[in-house]
1. For the range B:198-215, what are the residues that are within 14 Å of another protein chain (Cβ to nearest Cβ) and surrounded by 21 or more Cβ atoms within 10 Å (Cβ to Cβ)?
2. Residue by residue through the range B:310-341, note down the ones that are among the polar types (S, T, N, Q) and either over 11 Å from B:K381 (Cβ atoms) or in a strand (DSSP E or B) (or both).
3. Scanning for something surrounded by fewer than 17 Cβ atoms within 10 Å (Cβ to Cβ), at pLDDT below 90, farther than 30 Å from B:E186 by Cβ and out of contact with any helix residue (DSSP H, G or I) (no Cβ under 9 Å at 6 or more places or on another chain), does the range A:106-115 turn up at least one residue?
4. Being assigned by TED's automatic domain parsing to the domain that holds B:A143, of a type outside the set (V, I, T) and in contact with a helix residue (DSSP H, G or I) (Cβ under 7 Å, 6 or more places away or on another chain) narrows it down to one of B:F196, B:F229, so name that one.
5. Search the range B:275-294 for residues that are buried (at least 17 other Cβ atoms within 10 Å of the Cβ) and pair each with any residue that is part of a strand (DSSP E or B) and polar (S, T, N, Q) when their beta-carbon atoms are under 6 Å apart and the residues are at least 6 apart or on different chains.
6. Given the range A:187-271, what helices (runs of 4 or more DSSP H) lie entirely inside it while holding 2 or more residues that are free of Cβ contacts under 8 Å to residues at least 12 places away in the same chain, among the charged types (D, E, K, R) and over 22 Å from A:M294 (Cα atoms)?
7. What pairs can you find where one residue is in the range B:110-135 and assigned by TED's automatic domain parsing to the domain that holds B:H203 and assigned to a loop (DSSP other than H, G, I, E, B), the other is surrounded by fewer than 17 Cβ atoms within 10 Å (Cβ to Cβ) and not charged (D, E, K, R), and their Cβ atoms are less than 6 Å apart, with a gap of 6+ or different chains?
8. Can you tell me which of A:E89, A:E151 is outside any strand (DSSP E or B), under 13 Å from the mean Cα position of the chain (by Cα) and under 19 Å from A:T42 (Cα atoms)?
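The values are calculated or read from the model by the stated rules, or taken from the named source; none is laboratory data. Nothing here was measured: the structure is a model prediction, and the numbers come from that model. All Cβ positions, even for glycine, are placed from backbone atoms using ideal geometry, and neighbour counts span all protein chains on display.
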Amino acid sequence: MKNAIRLLTTICLVVAALFGAALPVQAKVRVVTTLTDLADFTREVGKDLVDVRSLATGVEDTHGVPMKPSFVPVLNRADLVVLVGFDCEHAFLPALLEASKNPRIQVGHQGYVDCARNIVPVDVPKTTDHSGGDVHPYGNPHYMLDPVLAETAVKEICEALVAFDPKDRAVFERNRDTYLAELDTKIVAWREKMKPLKGLQFVSYHEHWPYFADRFGLRYVGTIELKPGIDPTPRHIEELISMMKADHVPLVVREPQFPEKVPRLIAEKAGAKLVTLPIMPGGVAQTDTYIEMMDYIVSTMVDAVGK
Amino acid sequence: MKIFPSLLCLIIGATTTVSYAQKSESPLDSLKQQIQLLQQQVNDLKKGISASDMAKTAAAPSAPSAVDQKSVRDLEERIEELTEKVNSISGAQKQSKPNEFNPSIGLVGELVTSYRTQGKVETGSDRPGGIDINARSVELNVAASVDPFAKGYAVINASADPVTGEATMGIEEAALQTNSLPWNLELKAGRFFGEFGRLGYIHDHELPFVNRPLVLDEYIGGESRSDGFQINWLIPLPQYVSLSAGAGDGFGGDIPPSNPGDIRQFDELNYWGRLSTYFDLTPDWQAEMGVSGLYNPRTEDRGGVLVQPDGSTLTEKKRRLVGADFSLKWVPLRNNQFQSLTWGTEALYSDNVYRDSVSAGSIMGEDSVGAWGVYSYLTYKFSREWSAGFLYEWVQNNLNAHDQTAQYSPYITWALSHWNQLRLQYTHTESNHVLGLSNDDAVYMQWSWIIGSHSHGWQQR
C-alpha cells in the first residue's frame with residue numbers, strides 16, 4: 001500500500017512539474033503574428049511589455065506558411081493573434097486557430113487583431129469564381145508593402161495592445177508615436193529616392209505590388225503567374241514578353257520564394273532587368289526589420305533602373 | 001490664382017479625412033465621404049474659375065488659366081477613381097450579404113479510370129477487371145458555425161454502385177464540433193471520421209495516391225467512420241501533444257455496426273483513442289508520430305457469419321486493433337509550394353477474437369487471429385504542379401494470417417491548381433494465393449476536382 005502511495009505521489013509530482021512548466025510565469029502580453037512585418041511592428045509598439053512570436057520566419061510566401069503542429073501550443077497560450085487580413089493567411093491560419101483551442105483569439109474575439117480592418121483594398125474581384133485563380137474575395141492583401149498603409153497596421157496593433165492591457169496605454173502610445181515618426185521620416189526619404197522612377201513600368205511573379213506601385217507612382221503592368229496561385233503557361237509567358245517589349249517595360253521583380261528560372265528568362269527575352277525583392281522582413285539577408293526591408297526594396301529598384 | 005490656396009486646403013482636407021476615417025469608420029463610409037467632399041470642392045472650384053474667368057475677360061480678354069482647368073480635371077479623375085473603388089467594395093459587400101447565414105459549400109468530384117489484368121474473382125475487388133470507368137464519388141461539403149459555441153459540418157457522398165452503376169447517396173459525415181470548451185478540450189458528436197492512425201480519417205480524394213491502403217481497408221473497413229462522440233485534448237505542454245478518445249456505434253465506413261439485438265450494452269460499442277506528437281527537427285524537417293487503438297469488447301454478429309474458403313465459418317467476437325504511425329517531412333520554408341518530401345508509414349496489428357460457430361472437421365471454440373499490415377510511401381513534390389511517389393503495402397488477412405498480399409505502386413500527380421488534379425498510378429499486386437486470389441497489374445488514372453468553398457483543414461497538413 002505504501003509503495004502504491006509513493007508511486008501515486010511521484011506521478012502527481014511529475015505531472016505537476018510538467019504542467020507547471022507550461023504555465024505562464026511572465027506578465028508580458030503574448031502576441032503571435034502571422035508574418036514578420038507584424039512582429040516587427042508589435043515589438044516596436046510593445047517593447048519589453050510583449051512577448052512576440054511570428055509564425056513566418058520571413059522567407060516563406062505570405063500565403064504559404066507551413067502548418068506546423070509546433071505552432072499550436074504557441075497559439076494556445078497567445079493573448080493576441082495579429083494578422084494581415086483580406087484572406088492573406090487563408091491557407092494556414094484558420095486551421096491553426098481551430099487546432100489551438102484558444103477561444104480568446106478566434107475570429108470576432110478581442111484577441112483576433114485583423115490589421116486590414118481600416119484599409120481600403122484594391123483589386124476587389126467582381127466575382128470570386130476560381131476561373132480567376134486563387135482570388136482574394138476581399139481584395140489584394142499585400143498592402144503592407146505600402147509604408148503609409150503599414151502605419152495603419154501599427155495603429156491597429158497599438159489599439160489591440162491598449163485594449164488588452166489598458167494600464168500600459170501611455171507606454172504603448174508613446175512607442176507607437178515614436179515609431180510612426182521614424183517611419184514618416186523614412187517615407188519622405190523613400191519617396192524622394194523613388195522620384196526618378198515615377199512612371200516606371202514593371203512586372204512581378206505574384207501580384208504583391210499594387211499598393212507599393214500606387215504609393216511611389218510606378219506602373220504595375222502584369223504578373224508572371226497566369227492568375228494568382230496558377231503557374232504561367234508558355235503562351236502567357238510569350239504574351240508577357242511581347243507586351244514588355246512593346247511597352248518597353250524595364251524591370252522584372254521576383255519575390256524570393258518563387259523560382260528564378262522563368263523570371264530570368266522573361267527578363268532576358270524582354271531586355272529587362274531582374275531584381276529579387278523581399279515581401280516581408282527576413283525575406284533576404286539584412287532585412288530583419290520593416291524599415292530595413294523597405295530600404296532594401298527602394299535601393300535595389302533605384303540601383304537596378306538607374307537614375 | 002486664388003485657386004491654389006483652395007487646392008491646398010482641399011488636398012489637406014481630403015488627406016485628413018482619409019486618416020480620420022481610417023481610425024473610426026469603415027473603408028466604404030470613408031470613401032463615400034471623400035467623394036462627397038471632393039465633389040463639393042470641385043463645384044466650388046468650377047464656380048471660382050468661372051467667376052475668375054469672367055473678371056479676367058472683363059479686365060483683359062484671355063483664355064481661362066490652363067493650370068486651373070488641369071487641376072479640376074485632375075480632381076475629377078480622382079473622383080472617378082474613388083467612385084470606382086466604392087463601387088467595387090460595395091459590390092464585394094453585396095456579394096457576401098445574401099450568404100451571411102448560409103454555410104460554405106463545396107463540391108468534390110472524382111473519376112477513376114483503370115485497366116486491370118485480372119477479373120474481380122481473381123482480385124477480390126468489387127470492381128471489374130479490364131477497363132473500368134468509375135465515377136467513384138461526388139461529395140458535397142457544407143460547414144458553418146452553429147452558434148458561438150460550435151460549428152457544424154456535413155459531407156454528403158454519392159457514389160456509383162459497382163454492379164448497377166446507379167448513384168447511391170449517403171451521409172459520410174454530419175457532426176457538431178465545439179469550439180469553446182475549457183481546458184483545451186473539443187468535443188465532436190454525430191457521424192464523423194474517428195481519429196485513428198494517419199490516413200484513416202482522410203477522405204479518398206485527399207489521399208496522396210489513388211486507393212486507400214489495403215491495411216486500412218482490411219482492418220478498419222475503409223474510412224474510420226463512426227456514429228458517436230469523440231473528445232480531443234490538446235495537452236497543455238510547450239510540446240504539441242494531442243490526445244483523442246471516442247466511443248461510437250460502428251467504426252469503419254464499409255463495416256456495419258454490431259447487431260443491436262434487443263438491448264444493446266455498452267460493451268457492444270467501439271472505443272478508440274489516439275495519442276500523437278510532433279517535433280521540429282530543423283526549420284525545414286518535421287517529424288510527427290502517433291499511436292492508436294480500437295477496441296470493441298463484444299462484436300457478436302457484426303457483419304454476420306464469415307464463410308471461409310474451407311467451408312468453416314467464423315463470427316467475430318471481439319475487435320482489437322492497434323497502430324503506430326510516423327511521418328517525416330522536408331518542407332523548405334522558402335519554396336515549400338514548389339518542393340517538399342513526405343515519408344509516411346503506418347503499421348497496424350489486428351488481434352480480433354473469432355468463434356468457430358460451425359466447423360467442418362475443425363475444433364469448435366474461440367480463437368484470436370493476430371495479423372499485421374503496413375504501408376509506407378514517399379512523395380516528392382518537385383514543382384508547384386508536379387509530384388511523384390512510391391507506395392509499398394503489405395497486409396495479412398485478419399481472418400487468416402497466412403493469406404498475405406503485397407502491393408507496389410509508383411504514382412505521379414499533376415495538380416493544375418488547388419482544385420483540379422490528375423494522377424497516374426501503376427499498381428502491381430502480389431498475392432500468396434492462399435485464398436485463391438491472383439497477382440494483378442493495374443493502371444489507374446484519377447481525376448479529381450473541387451468547386452465552391454475549399455478549406456485547408458488541419459488534417460490535410
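1. B:R198
2. Just the residues of the range B:310-341 that are among the polar types (S, T, N, Q), to begin with: B:312-313, B:315, B:327, B:335-337, B:339-340.
Matches in the range B:310-341: B:S312, B:T313, B:T315, B:S327, B:S340.
3. no
4. Working: B:F229 fails: in contact with a helix residue (DSSP H, G or I) (Cβ under 7 Å, 6 or more places away or on another chain).
Only one candidate passes the filter, namely B:F196.
5. Cβ pairs passing all conditions: B:S276/B:S242; B:E288/B:S327; B:G290/B:S276.
6. Values: elements: A:210-216, A:234-247, A:261-270.
It comes to A:234-247, A:261-270.
7. From the range B:110-135, the pairs are B:Q118/B:S438; B:D126/B:P162; B:R127/B:P162; B:G129/B:G119.
8. Numbers: A:E151 fails: under 13 Å from the mean Cα position of the chain (by Cα).
Answer to the check: A:E89.
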